[in-house]
Amino acid sequence: MDLPKMKKKAYQTVIGLEVHIQLNTKSKIFCGDSTFFGAEPNTLVSAISLAHPGTLPKINEEVIPKAVKLGLALNSKINPSSTFDRKSYFYADLPKGYQITQDKNPILIGGQLTLEDGSQINIHHVHLEEDAGKSIHHLAPHKTLLDYNRAGTPLLELVTEPDFRSGEQVEQFLYSLRQLIRYIDISDGNMEQGSMRCDVNISVRLLGDQHYNNRCEVKNVNSMKFAKQAITFEVQRQIAIMEAGETVAQNTLNFNPETGETSPLRSKENATDYRYFPDPDLPPVLVSHEFIDKLKKEMPKLPWVLAQNIKEMYGISKEDTRLLIAEKEIANYFLDYTKQYPHVKAFANLLINKLIPFCKVKKMPLSELALSKANLSEMLQMVADNTISMSAATQKLLPLMILNPDTSPVELAAKQGITQSSNKDELSTWIEEVIAEYPDKVKAYQNGKKGLIGFFMGEIMKRSKGKANPKETSALLSKKLEP
Amino acid sequence: MQINDSLFSKLENLAKLDFQPQEREKLKQDLENMLNMVKQLESVDTEGVAPLVYINEPVHSTRPDLIDGQLKKKDALSNAPNHNDDFITIPKVIDL
């Protein structure tokens, strides 16, 4: 597609999201089939999920607190009595011929999520529903294959207001939402496995316009990167249509991750008359004040509250704080340390630059790291006392500590001779040796090539096997190099 | 209410059914009878009466989150008109 190189007018992008969140319950929303991901096809099914006549759905008690927790986190109004409706949708991945969802009376109404850039995204509502099965179109030439393992998996569908103005904001929102649902433990938020999926509604209007133009809904967006790509493509496509003086047709589009392009979703089933009506098989979901109060007390600290606390209490940068709270496990590990030990800022650096990457490579959780926080604190104390340099601590001492978890770091450092020297006589000897070896460079330095100081430091470090205290050495060296 | 051909075709499409001309006439009559019966019900004064959705009093009826009642794959597939060893199969429903 040819896209215009120059836009004639100023446009504004308007985006709203529908995010489907699979809840991490053991069994499905209305029956006892397992929700396990990746099982053999059609093994996690029952008479209820296959819609055999005469079967009766009954709601899984675990989905209610999970929905309420999301409501508390997003500051939504929690509906004391929400109800289920049937959404008539004759499609093979829904064996009943309808999907049980909440149309008129959803469990959560309103709410907000604030993005990193400070803008607030308003939530229209969040409702409970059942996931559909999977239709597989590419495995057989003339057939669609049906796997009902996913049919009936509990979903929360979150619908935002059209408050997004860029793909970056959508990416930030999805990041924060995924982090949140993991913190409050209602979903694993795994987009690759479809535990969190997103439909993106995009329209473009002239900057300053108040009305919304026709929107296009992009389906099949299963990563944050794809969401951004789909938006970038779609915005350009719609602007091109408007620049040509035409109107964008309201459409459902498919996103192709390989080309980064959207294309109209052509389905033979195009009836969109859902004919919602109340499901008489399911009584209303009742949520009492007492129940909400009980859950309020169980709520963990939310990521944005933690971020604020960490920044304020320890003076850690915004970027580092973001890394520390990225995952609940890391945040807890960090917070456990801060409760008992000093040198928090140095510990944060160590965690970000050494411990997290190490665990990532080894594919193990931080909790399995054979490094006690007491030993790490002792190591950081040695660095603070100048007994050992930070680089020797992380490059030499840390690996030894992992191999000898029961020996104290002080003992290990002494044994390996990696304790730093600030002994003036010892430092002077190394400095003088180097000065004697490179008289030309000394002259050059004295004639103004001050950058050579790095060269001398390097030579001294080699001679001292890294033991020379860099600060002391540098001060002493500068003095000795003076003519 | 008159069930005309275009309304009948719409319903046919929504229900994914296909009728012969002689069946259509009979069904149109049936549908009209049903609507007339509903019309009779509509004549009852329901001013101030909340719609009745649930026959029972609203009770908080839930089940514990336990895995229970799963069918064996062979049994699950046996009721479908067409299937292979793993999947229920239907005519292709999407143009790729």
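Data for the structure
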read-out: Residues of the stretch A:335-351 with amide N under 17 Å of a point placed 7 Å along Cα→Cβ from residue A:374; value: A:336-342
read-out: Sequence of A:474, B:43, A:34 when ordered by accessible area, the most exposed leading, probe 1.4 angstrom; value: B:43, A:474, A:34
read-out: Label zone at residue A:137 (point 7 Å along Cα-to-Cβ), backbone N below 14 Å, the stretch B:77-94; value: B:91-94
read-out: Contour excess over end-to-end distance, with Cα ends at residue A:114 and residue A:211 and 0.36 nm allotted per residue; value: 32.5 nm
read-out: Alpha-carbon centroids, the stretch A:77-103 and the stretch A:422-436: separation in whole Å; value: 80 Å
read-out: Sparsely packed trypsin sites (Lys or Arg not before Pro) within the stretch A:102-195, loop by DSSP, other Cβ within 10 Å at most 16; value: A:104, A:165
read-out: Rounded to the nearest 10 Å², the accessible area of residue A:482 at probe 1.4 Å; value: 120 Å²
read-out: Heavy-atom accessible surface of the protein assembly as shown: percent carbon and sulfur, 1.4 Å; value: 52 percent
read-out: Efficiency of FRET from Cβ geometry, residue A:423 and residue A:305, R₀ 51 Å, rounded to 0.05; value: 0.60
read-out: Share of alpha-carbon pairs per 5 Å distance bin for the stretch A:49-95, given as whole %; value: 5, 14, 19, 20, 15, 14, 11, 3, 0
read-out: Exposure ranking of A:430, A:304 by accessible area [1.4 Å probe, largest first]; value: A:304, A:430
read-out: Separation of the residue A:244 and residue B:16 label points, Cα + 7 Å toward Cβ, nm; value: 3.5 nm
read-out: 10 Å Cβ neighbours from other chains, averaged over peptide B:80-87; value: 5
read-out: Fraction of antiparallel bridges per DSSP, chain A only, in percent to nearest 5; value: 90 percent
read-out: Pair residue B:5, residue A:332: separation of 7 Å Cα→Cβ label points (nm); value: 6.9 nm
read-out: Difference of contour (0.36 nm per residue) and Cα-Cα distance, residue A:358 to residue A:51; value: 105.6 nm
read-out: Column: log10 I(q)/I(0), Debye, Cα scatterers of the stretch A:11-291, q = 0.11, 0.12 Å⁻¹; value: -0.66, -0.79
read-out: Most to least accessible of A:274, A:11, A:183 (protein chains only, probe 1.4 Å); value: A:274, A:11, A:183
read-out: Euclidean distance between Cα centres, the stretch A:273-348 to the stretch A:38-74, Å; value: 25 Å
read-out: Cross-link table A:294/A:339; A:143/B:72; A:354/A:415; A:87/A:296, entries beyond 28 Å C-alpha to C-alpha; value: A:87/A:296
read-out: Too-long pairs where the Cα-Cα distance tops 23 Å, listed order kept, from A:443/A:480; A:363/A:467; A:219/B:10; value: A:363/A:467; A:219/B:10
read-out: Members of A:424/A:479; A:66/A:228; A:297/A:373; A:225/A:345; A:96/B:74 lying beyond 22 Å, as alpha-carbon distances in this model show; value: A:66/A:228; A:297/A:373; A:225/A:345
read-out: Calculated diffusion of chain A, Stokes-Einstein form, Kirkwood radius summed over Cα pairs, 20 °C and 1.002 mPa s, µm²/s; value: 79 µm²/s
read-out: Heavy atoms of residue A:197: accessible area, 1.4 Å probe, square angstrom to 10; value: 60 Å²
read-out: Whole-number accessible area per residue in Å² for the protein assembly as shown, which is evaluated in the context of all protein chains at 1.4 Å; value: 54 Å²
read-out: Gyration tensor verdict on chain B (Cα atoms; rounded if a/c is under 1.5, prolate if a/b is larger than b/c, oblate otherwise); value: oblate
read-out: For the pair A and B, total buried accessible area rounded to nearest 100 Å², probe 1.4 Å; value: 4100 Å²
read-out: Percent breakdown of C-alpha pair distances by 5 Å bin, ordered from the shortest bin, for the stretch A:300-416; value: 2, 11, 23, 23, 20, 12, 6, 2, 0
read-out: Residues residue A:90 and residue A:185, FRET efficiency given R0 of 30 Å [Cβ-Cβ distance, rounded to 0.05]; value: 0.25
read-out: Nearest-0.05 FRET efficiency for residue A:478 and residue A:223, computed from C-beta distance (R0 41 Å); value: 0.20
read-out: Extension reserve of the residue A:341-residue A:159 stretch, reckoned as 0.36 nm per residue once the Cα distance is removed; value: 61.2 nm
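The values are calculated or read from the model by the stated rules, or taken from the named source; none is laboratory data. Small disclaimer: the values here were computed from a predicted structure and weren't measured. Every residue, glycine among them, receives a Cβ derived from its backbone with ideal geometry; neighbour counts consider all protein chains shown. With ligands, DNA and RNA removed, areas are computed over all heavy atoms of the protein, side chains included. Shrake-Rupley method; radii C 1.70, N 1.55, O 1.52, S 1.80 Å.
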